[in-house]
Ligand code: JFZ
């Protein structure tokens with residue numbers, strides 16, 4: 001229930017315009033009682049994604065999302081606050097004078113991101129409000145010529161990320177609600193319809209593609225994170241053309257699923273998938289509190305345990321987490337946001353073997369908790385959230401011999417004992433592994449089971465007992 005409220009709060013900012021879209025989505029999510037695999041957007045991603053180029057993404061597990069823009073000044077919702085007419089566009093733009101970036105230290109941002117354990121970062125180069133963080137030759141709204149910052153804040157950040165060997169993702173909103181060339185202005189105001197003025201739409205596309213080419217040429221990003229595709233059909237966006245032009249000379253660039261039909265991976269939002277998504281590549285984007293950008297009134301921060309719960313859930317289901325921070329308008333980062341990233345980072349560093357480069361785990365029928373598998377499938381990592389009441393964890397239906405059980409990041413070798421194993425049938429029995437209290441981690445203790453070969457799960461029904 002609480003989770004649903006959070007989802008509502010985030011969606012609330014946009015549900016006027018996206019009425020159709022949201023009611024569909026909420027419809028999906030509210031359908032309790034029936035098993036609904038919400039946000040299953042498999043159909044929206046490309047079938048022929050080049051697997052080679054996805055390797056780093058698949059192995060990365062964690063990315064840091066950055067929502068930084070005008071909205072941090074007053075601490076209001078990014079773009080949606082004026083779109084939904086909570087304040088006028090004019091007042092929204094008054095934030096330009098407060099976007100100072102006076103304490104912006106891109107190297108410190110990059111260090112924090114690196115220390116969080118992330119392997120990539122995605123930054124809002126331009127949200128739906130059209131405010132560009134770089135020195136663009138297109139449009140009328142950017143950090144250099146219009147905001148108090150009077151400087152390009154995107155380039156130094158991207159340089160700093162690259163210096164730290166982090167992959168670079170660029171978030172780009174297809175819609176630009178501030179541009180006179182764009183169709184939508186606010187929830188009650190449309191400038192025009194494409195059919196009425198196809199030429200004006202063409203001018204918008206030229207402007208938008210001009211910016212995309214600037215970003216491509218300036219930064220050669222590893223990943224494009226599109227957003228806002230729901231406002232027009234893919235033909236209107238000419239999404240195939242966008243993909244072709246962005247991949248030209250940069251064929252290994254990854255594209256998210258919000259360039260309708262042209263994406264390489266799925267982007268479920270906020271809702272942690274309850275069921276393992278079918279897509280080979282997916283990434284959950286998630287806020288630390290209930291806001292994407294900085295909002296001083298929103299103190300509903302997830303605890304470090306909860307952040308790690310979500311992270312472990314994602315990786316055990318074979319996906320990535322794109323965890324969001326919202327820096328302040330002066331470029332400083334809230335201490336709570338920093339703390340959450342650093343806590344996650346130190347937990348990941350201790351357990352890196354069970355995280356990076358692993359594969360999705362095994363079904364819960366075999367172990368009451370999340371798991372991952374090493375690439376060769378010969379090590380099974382068990383994530384133990386709580387303190388087992390009898391000091392033992394239980395693994396069932398694994399046909400392999402467990403050569404060794406040890407605590408990841410601590411090294412203690414654990415004793416094990418098997419029950420219900422009868423020599424005359426193949427039923428593998430039930431293994432109890434001792435987990436002494438001294439080895440328990442603050443968040444998740446990870447136990448590695450070293451197997452005698454690639455994992456074999458036993459799934460047969462047992463027949464009658466024929467001997468005794
Ligand atoms: C979009 C933006 O509108 C929002 O401001 C934020 O930047 C977020 C990361 O992305 O919002 C969406 C987009 C897609 C869905 C929900 C919210 N969706 O598919 O569920």
List the pair-distance distribution P(r) of segment 154-210, using every Cα-Cα distance, as the percent of pairs falling in each 5 Å bin from 0 up to the bin containing the longest distance, rounded to whole percents.
4, 17, 20, 15, 11, 10, 10, 9, 5, 1
Let's test the formula: R0 of 25 Å, r as the Cβ-Cβ distance of residue 430 and residue 386. What FRET efficiency results, to the nearest 0.05?
0.80
Contour minus Cα-Cα span, residue 51 to residue 401, at 0.36 nm per residue, comes to 122.7 nm
How would you classify segment 260-359 from its alpha-carbon gyration tensor, with a ≥ b ≥ c the square roots of the eigenvalues: rounded for a/c under 1.5, else prolate if a/b is greater than b/c, otherwise oblate?
oblate
Where does each of 328, 360 land when they are ranked from fewest to most other beta-carbon atoms within 10 angstrom?
360, 328
So what's segment 359-451 giving for Cα Rg divided by 2.2 N^0.38 Å, two decimals?
1.03
Any idea what angle helix 2-12 forms with the longest principal axis of the chain, computed on alpha-carbon atoms, 0 to 90 degrees, nearest 10?
20 degrees
Can you give me the distance in nm between label points at residue 349 and residue 59, each placed 7 Å from the Cα along the Cα-to-Cβ direction?
2.1 nm
Percent relative contact order for the chain, counting Cα pairs under 8 Å at least six residues apart, stands at 16 percent
Cα-based Rg of segment 129-270 normalised by 2.2 N^0.38 Å, two decimals:
1.07
For segment 62-192, the percent of all C-alpha pairs falling in each 10 Å bin, from 0 up to the bin holding the max distance, is 13, 41, 32, 12, 1
Using the alpha-carbon atoms, what tilt in degrees (0 to 90, nearest 10) does helix 19-30 show relative to the longest principal axis of the chain?
10 degrees
Could you work out the mean projected area of the convex hull around the alpha carbons of segment 312-468, in square nanometres to one decimal?
11.0 nm²
Given the -39500 (n - 2.57) contribution per DSSP H run of 4+ residues, what per-residue ellipticity at 222 nm results for the chain, rounded to the nearest 500 deg cm²/dmol?
-8000 deg cm²/dmol
Can you give the log10 of the normalised intensity I(q)/I(0) at q = 0.08, 0.11, 0.13 Å⁻¹, computed with Debye over equal Cα scatterers of the chain?
-0.51, -0.91, -1.21
Expressed in Å to one decimal, the Kirkwood Rh of segment 400-448 from all distinct alpha-carbon pairs is 12.2 Å
Averaged over every viewing direction, what's the projected area of the C-alpha convex hull for segment 186-331? Give it in nm², one decimal, please.
11.7 nm²
When all alpha-carbon pairs of segment 370-424 are counted, what percent fall beyond 13 Å?
71 percent
I'd like the distance between the alpha-carbon centres of segment 263-307 and segment 406-447, rounded to an integer number of Å.
32 Å
Sort 450, 312 so the one with the fewest other Cβ atoms within 10 Å of its own Cβ comes first.
450, 312
Ranked list, fewest to most other Cβ atoms within 10 Å of each Cβ, for 314, 285:
285, 314
How would you rank 67-78, 344-355, highest first, on the average number of other Cβ atoms within 10 Å across their residues?
67-78, 344-355
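Coordinate-derived values only; no laboratory data. None of these values were measured; they are calculated from a predicted model. Neighbour counts are summed over all protein chains in view; Cβ atoms, including those assigned to glycine, are modelled from backbone coordinates with ideal geometry.
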